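The values are calculated or read from the model by the stated rules, or taken from the named source; none is laboratory data. Predicted model, so just to flag it, every value in this text is computed and none were measured. Using ideal geometry, Cβ is built from the backbone for each residue, glycine included, and neighbour counts are taken over all protein chains shown.
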Amino acid sequence: MQHAPKQGGARPALAVVRGGMASPRAIQPGELGTLLAAGAHVHLEGSFGEPVALSEGLLAGRAHFAGLPVWTTQIQPGSPLAGWEPDGTLDLRVMLSSGTLAKRIAAGTVRYVPCRYPDIGRFVDSGLLACDVALLQVGPPDVRGFCSLGATVGYLPALLRKARTVIAQINPRVPRTGGDARVALARFHAVVEREAPLHETAPEALGAAEHAIARHVAALVPDGATIEVGYGAIPDAVLAALAGHQHLGVHSGMLSESMIDLVEGGAITGARKTVDPGLVVGTVAIGTRRLYDWLDDNRDVALREAAAVCAPAAIAAMPSYRAINTTLEVDLAGQAGSESVAGRLLGGYGSLVELAAGAHAAPGGLSILALTATDATGRRSKIVPRLSSPLGATLGKLDADVVVTEHGAADLRLLDARARAKALIGIADPRFREVLEAAAREQAASGGF
């Protein structure tokens, strides 16, 4: 599906706004290479907000460079960079990896630099992460000369504060969003005006396991709670299972399309939120045209900077906060790995650590981790004796209060090591419990518990 621009509420063409104010230079993508100095640290808005025309421009002009540092978050399968074969011209560094570049990361031709999502903006602001050039995607300016960052705010405000050069793709399909998404047209040094489809992801198919997990999670969420939920099959199932709840609030790193149904059905009202009552707050939104149209000029939604939304101190002020997240595997100590499994790089930190910490500190809060008991083949347990990832744990053993699979919920709070292992084995797939029990006995005998 493609997100078509709305026909109502006319937005002026760039030429209309240019009169009487500082105007950025209009360029073609192929000119981008001539505007970037050798050695400059370039930040490319990644994932679902990627300015595709500027990515094309980087590739078209790469002959100008030798190892140009290009920082981004994730590269989606439809990106021009997904098909790029590294040739030494660009030094691509991704901070929230995904399977798209896994082989090139393993080969060392693309760098994976693990980073907590809220920290990216902090590192840019402090100067620890250099930012000479920012390449962003925005919507057309309004009559006052302001554009919108659309469905991705994240750490982009920090890039706008620190970059010496900002170049934008102006795309009329980008929704106009509230919060920290507004940026003056005059901030841009150059623009590429191109209408292009936005990256989209349709809801995944839900199976019996996802629905069972969702029922267990929903039982842990009281009416009036403020929730944080990611995106994917399990989060979508959880949101569907919350349809019968009342007066839920949303303060989440991610906003997904499934939240629309809860808003329209009356389950999400935000009426009991002690912070931002009545407002759906996030930092990034991922979905299809339906979500982007819902976000467009929606004053009940605010997309704010990630460092503020995901700050544990801010979350701690929200009673009954529920951080509901997924992970790749959990070991018998309760540690979670969200980056790789068996040597395959699949994910990244995101905001998981901060959201879990905030939920811990909130009065009556809970940090919930949800995952299917086995992988898609059914041949590998996701409850494991020890994490398989050489990258180590994403969450420590005390960071998840409750771990949920389709076989139940394991509340790990105030349990000793043996009891934690027993609780986790109890929610593992029954076919693997005997092996896990043997591993737990071995760990206990060796002093591992």
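General remarks:
- Of the set (1) crowded, with 17+ Cβ neighbours inside 10 Å; (2) over 17 Å from the mean Cα position of the chain (by Cα), all apply to Ala313 but (1).
- Candidates Gly150, Gly139, Gly121, Gly127: the one that is in contact (Cβ under 8 Å) with a residue 40 or more places away in the chain and at positive phi is Gly150.
- For the stretch 256-270, filtering for residues that are touching a helix residue (DSSP H, G or I) at 6+ places or on another chain (Cβ under 8 Å) and of a type outside the set (Val, Ile, Thr) leaves 6.
- Checked against (1) modelled with pLDDT of 95 or more; (2) under 27 Å from Ala376 (Cβ atoms); (3) assigned to a loop (DSSP other than H, G, I, E, B), His199 passes all but a single condition, namely (1).
- Candidate set: the stretch 354-370, residues that are under 21 Å from the mean Cα position of the chain (by Cα) and aliphatic (A, V, I, L, M); chosen: the one surrounded by the fewest Cβ atoms within 10 Å (Cβ to Cβ): Ala357
- Residues being in contact with a helix residue (DSSP H, G or I) (Cβ under 7 Å, 6 or more places away or on another chain), of a type in the set (A, V, I, L, M) and closer than 18 Å to Met318 by Cα - total across the stretch 205-247: 1
- Inspection of the stretch 204-211 finds a residue satisfying the criterion of being in a helix (DSSP H, G or I) and without any contact (Cβ under 8 Å) to a residue 40 or more places away in the chain.
- Residues in the stretch 257-278 that are assigned to a loop (DSSP other than H, G, I, E, B) and either of a type outside the set (A, V, I, L, M) or surrounded by fewer than 18 Cβ atoms within 10 Å (Cβ to Cβ) (or both): Glu257, Gly266, Thr269, Gly270, Ala271, Arg272, Lys273, Thr274, Val275, Asp276, Pro277, Gly278.
- Top-ranked residue of the stretch 162-189 - restricted to ones that are assigned to a strand (DSSP E or B) and either assigned by TED's automatic domain parsing to the domain that holds Glu406 or polar (S, T, N, Q) (or both), ranked as surrounded by the fewest Cβ atoms within 10 Å (Cβ to Cβ): Thr165
- Among (1) in a helix (DSSP H, G or I); (2) surrounded by fewer than 19 Cβ atoms within 10 Å (Cβ to Cβ), the one test that Pro222 misses: (1)
- The criterion of at least 2 residues that are modelled with pLDDT of 90 or more is met by the following helices (runs of 4 or more DSSP H) wholly inside the stretch 1-115: 52-60.
- Test: residue in the stretch 429-436 that is modelled with pLDDT under 95 and exposed (fewer than 15 other Cβ atoms within 10 Å of the Cβ): no
- Subset of the stretch 279-292 [hydrophobic (A, V, I, L, M, F, W, C), closer than 15 Å to Ala202 by Cβ and not in a strand (DSSP E or B)]: Leu291
- Every residue from the stretch 204-227 that is acidic (Asp, Glu) and in contact with a Lys or Arg (Cβ under 9 Å, 6 or more places away or on another chain): Asp223
- The stretch 89-124, residues that are closer than 17 Å to Leu59 by Cα and within 20 Å of the chain's Cα centre (by Cα): Leu92, Arg93, Val94, Leu101
- Residues located in the stretch 63-75, provided they are surrounded by 19 or more Cβ atoms within 10 Å (Cβ to Cβ) and of a type outside the set (A, V, I, L, M, F, W, C): Thr72, Thr73, Gln74
- For Gly347, the conditions (1) at pLDDT 95 or above; (2) assigned to a loop (DSSP other than H, G, I, E, B) are fulfilled apart from (1).
- Residue that is surrounded by the fewest Cβ atoms within 10 Å (Cβ to Cβ), among those in the stretch 411-428 that are small (Gly, Ala, Ser) and within 22 Å of Arg379 (Cα to Cα): Gly426
- Single unsatisfied condition, Val138 versus (1) within 23 Å of Gly179 (Cβ to Cβ); (2) of a type in the set (Val, Ile, Thr); (3) touching a Phe, Trp or Tyr at 6+ places or on another chain (Cβ under 6 Å): (3)
- Residue that is farther than 22 Å from Leu391 by Cβ and not basic (Lys, Arg), where the choices are Leu128, Leu101, Leu149, Leu96: Leu149
- Look at the stretch 289-300: where a residue is modelled with pLDDT of 95 or more and of a type in the set (Lys, Arg) and a partner is outside any loop (DSSP other than H, G, I, E, B) and surrounded by 15 or more Cβ atoms within 10 Å (Cβ to Cβ), sitting 6+ places away or on another chain with Cβ atoms under 8 Å, you get Arg290/Ile260.
- If the condition is being out of contact with any Lys or Arg (no Cβ under 9 Å at 6 or more places or on another chain), closer than 27 Å to Arg116 by Cβ and of a type in the set (Gly, Ala, Ser), then the stretch 390-449 contributes Gly392, Ala393, Gly396, Ala400, Ala409.
- Yes/no for Ala237 being of a type in the set (A, V, I, L, M) and surrounded by fewer than 24 Cβ atoms within 10 Å (Cβ to Cβ): no
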